[in-house]
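The values are calculated or read from the model by the stated rules, or taken from the named source; none is laboratory data. Remember, predicted model here, so these are calculated numbers, not experimental data. As a convention, Cβ positions derive from the backbone with ideal geometry for all residues, glycine included, and neighbour counts pool all protein chains shown. Surface areas here come from the heavy atoms of the whole protein model, side chains and all, with no ligands, DNA or RNA. Shrake-Rupley method; radii C 1.70, N 1.55, O 1.52, S 1.80 Å.
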Amino acid sequence: MGVLAEVSGNVTAIGYGLAAIGPGIGVGIIFGQGVNAIARQPELTGVIRTNMMLGFVLTEALALIGLVAPFLFQSI
Amino acid sequence: MNAQSVLATGGEEFKAPGPELFDFPPLFEGAPTWLTKPTVFAVFGALVVCAVFWSAFGNPKLVPRGMQNIGEMGYIFVRDQIGRPFLGKNTEQWMPVLMSLFFLIWMWNIFAVIPVIQFPIASHIAFPAVLAIAVYFIKVYLGIKNQGPVKYFTNLIPAGLPKPIYVLLVPIEYLSTFILAPFTHAVRLFANMFAGHMILAFFSLVGFWFIFEKPTALGFGVGIIGVIMTCLMTAFEMFIQFLQAFLFTMLAAMYIQSGLEAEH
Amino acid sequence: MNEQNRRPEDGQREFADAAWSAPSYLLSGMLIWGGLGWLLTKWTGWIGFTPIGLVIGIVLAIYLIYVKYGRDSV
């Protein structure tokens, strides 16, 4: 069977594009809901900020794993 | 973006624009290789910013009129939105730096959507890199001057952890603060301008190619979509240009403050 | 900065500080410990060291951000 469709060029760029979707949505949700929570209960700002920070860092880590994964797989 | 020059290199098929959009030949025959469109317009942008603020504040009146009104709006925006939240009582002293950074970068970014120029200067990483390195040297100099040559480096490390943890954490802290922070500072501006220019070039080339260059019944709809997306993306890019100038200046203010005072 | 002359906007500033420097902390954690893992991979030939180093680096970077910014604002 012949080749129906072919992807040429650097496939890892597509991979990182796909990998960035999830963290993008996640960061949006975290800060959106965080601002919402602070607007509802300003007296809890400190606690909400800390948890926002933690969630943001964990989500951002996924995006950065996506950034280095191509280099990792190329070396295998 | 220069649709004709990109099209001239293509053949019969549609070819998406690539990084060759950012390579410019010297301006005229026999010119030195550094004398290209981006360098000329970088200097031009700086001169425009100087001229605008000279006309605004060169002859200040107690009751502002004309250009002085606009200049004061810009000043108050930078002071209240960028300076005060980060620098606090040190704002007035650092306003010249913040004003120059913000309006220079904004002017460079706006060049992306001005006809004829149509090139964001900051999409060549050399320009944001120089600004970021300048801010970095200010930060380290202020830190050593205000906190002492040894204290500045020890203040960065959180106190009160068990000793073995420090072996693991200290390299991360120093690599982050002294190498990656200025790097990400420059790359944020560069990457946004680079990608924005690429997106605009792509959609306008789609419109140009499918409507004017190779009009077919099927391709016409694609061309219309390309033109509409070009308009939408131009509006979006203008917002991003402002936002990136704002963020670059905000981060500069943050780094200056981190040199002026210890974090905790 | 001691607790007496803490202004209300200091919390906001520290939060912005943390949020903007988080990516560079994570990157440097991955670079240092992932790089160490990569060197171990080169030395021993077992590919597993690189991902292990990366994960350790990320965990340490998250811990560092938590220690520096998260701990005292609760």
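Being in contact (Cβ under 8 Å) with a residue 12 or more places away in the chain and assigned to a loop (DSSP other than H, G, I, E, B) is a property that B:ALA46 lacks. Within region B:49-60, the set of residues being open to solvent by less than 40 Å² (accessible area, probe 1.4 Å) and either more than 18 Å from B:TRP108 (Cβ to Cβ) or part of a loop (DSSP other than H, G, I, E, B) (or both) comprises B:ALA56 only.
Any residue that is under 30 Å from C:TYR69 (Cα atoms) and in a helix (DSSP H, G or I) - is there at least one of those in region B:193-214? Show your work before the answer.
In the first step, residues of region B:193-214 are kept if they are under 30 Å from C:TYR69 (Cα atoms); the result is none.
So far as region B:193-214 goes, no, none of its residues is under 30 Å from C:TYR69 (Cα atoms) and in a helix (DSSP H, G or I).
When residues in region A:41-76 are screened for being of a type in the set (S, T, N, Q), at the interface with chain C (Cβ under 9 Å from one of its Cβ atoms) and under 20 Å from C:ALA16 (Cβ atoms), 3 of them pass.
Looking at region B:255-262, can you tell me whether even one residue there is surrounded by 15 or more Cβ atoms within 10 Å (Cβ to Cβ), among the hydroxyl-bearing types (Ser, Thr, Tyr) and either away from chain C (no Cβ under 14 Å) or within 23 Å of C:LEU31 (Cα to Cα) (or both)?
Taking region B:255-262 and keeping what is surrounded by 15 or more Cβ atoms within 10 Å (Cβ to Cβ), we get B:255-262.
Restricting the remaining residues to those that are among the hydroxyl-bearing types (Ser, Thr, Tyr) gives B:255, B:258.
Those still in the list that are either away from chain C (no Cβ under 14 Å) or within 23 Å of C:LEU31 (Cα to Cα) (or both) too: B:255.
Checking region B:255-262: at least one residue is surrounded by 15 or more Cβ atoms within 10 Å (Cβ to Cβ), among the hydroxyl-bearing types (Ser, Thr, Tyr) and either away from chain C (no Cβ under 14 Å) or within 23 Å of C:LEU31 (Cα to Cα) (or both).
Kindly check whether there is at least one residue in region B:85-100 that is assigned to a helix (DSSP H, G or I), surrounded by fewer than 16 Cβ atoms within 10 Å (Cβ to Cβ) and within 12 Å of another protein chain (Cβ to nearest Cβ). Yes, because at least one residue in region B:85-100 is assigned to a helix (DSSP H, G or I), surrounded by fewer than 16 Cβ atoms within 10 Å (Cβ to Cβ) and within 12 Å of another protein chain (Cβ to nearest Cβ).
Do you know which of the residues in region B:215-234 that are of a type in the set (Ser, Thr, Tyr) and assigned to a helix (DSSP H, G or I) is nearest to B:ALA122 (Cα to Cα)? Before the answer, list the steps.
Pass one, region B:215-234, residues of a type in the set (Ser, Thr, Tyr): B:216, B:230, B:234.
The next check asks that each one be assigned to a helix (DSSP H, G or I); those that pass are B:230, B:234.
On the way: B:THR230: 21, B:THR234: 17 Å.
By that ranking, first place goes to B:THR234.
Here is a yes/no grid of residues against (1) surrounded by fewer than 20 Cβ atoms within 10 Å (Cβ to Cβ); (2) at the interface with another protein chain (Cβ under 10 Å from one of its Cβ atoms):
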position	(1), (2)
B:ALA129	yes, no
B:GLY143	no, no
B:PRO149	yes, no
B:LEU161	yes, yes
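When each of B:THR33, B:THR39 is tested for being under 30 Å from B:ALA201 (Cα atoms) and either in a loop (DSSP other than H, G, I, E, B) or among the acidic types (Asp, Glu) (or both), the lone residue that passes is B:THR33.
Only one of the listed residues (B:LEU156, B:LEU180, B:LEU169, B:LEU243) is closer than 25 Å to B:PHE137 by Cα, open to solvent by less than 40 Å² (accessible area, probe 1.4 Å), aliphatic (A, V, I, L, M) and within 26 Å of the chain's Cα centre (by Cα). That residue is B:LEU180. Residues that are more than 22 Å from B:ILE157 (Cα to Cα) and facing another protein chain (nearest Cβ under 7 Å) were ranked within region C:30-50; the one that is most open to solvent (accessible area, probe 1.4 Å) is C:ILE47. I'd like the full set of residues that are open to solvent by 60 Å² or more (accessible area, probe 1.4 Å) and touching a Phe, Trp or Tyr at 6+ places or on another chain (Cβ under 9 Å), limited to region B:101-117. The one that is open to solvent by 60 Å² or more (accessible area, probe 1.4 Å) and touching a Phe, Trp or Tyr at 6+ places or on another chain (Cβ under 9 Å): B:TRP106. For region B:25-76, filtered to residues that are more than 25 Å from B:PHE246 (Cβ to Cβ) and among the aromatic types (Phe, Trp, Tyr), the residue that is nearest to the chain's Cα centre (by Cα) is B:TRP34.
For the structure I just gave you, tell me whether B:ILE125 is within 30 Å of C:LEU54 (Cβ to Cβ), surrounded by 14 or more Cβ atoms within 10 Å (Cβ to Cβ) and of a type outside the set (Gly, Ala, Ser). The answer is yes for B:ILE125. Does region A:1-11 contain at least one residue that is more than 10 Å from chain C (Cβ to nearest Cβ) and surrounded by 12 or more Cβ atoms within 10 Å (Cβ to Cβ)? There is no residue in region A:1-11 that is more than 10 Å from chain C (Cβ to nearest Cβ) and surrounded by 12 or more Cβ atoms within 10 Å (Cβ to Cβ).
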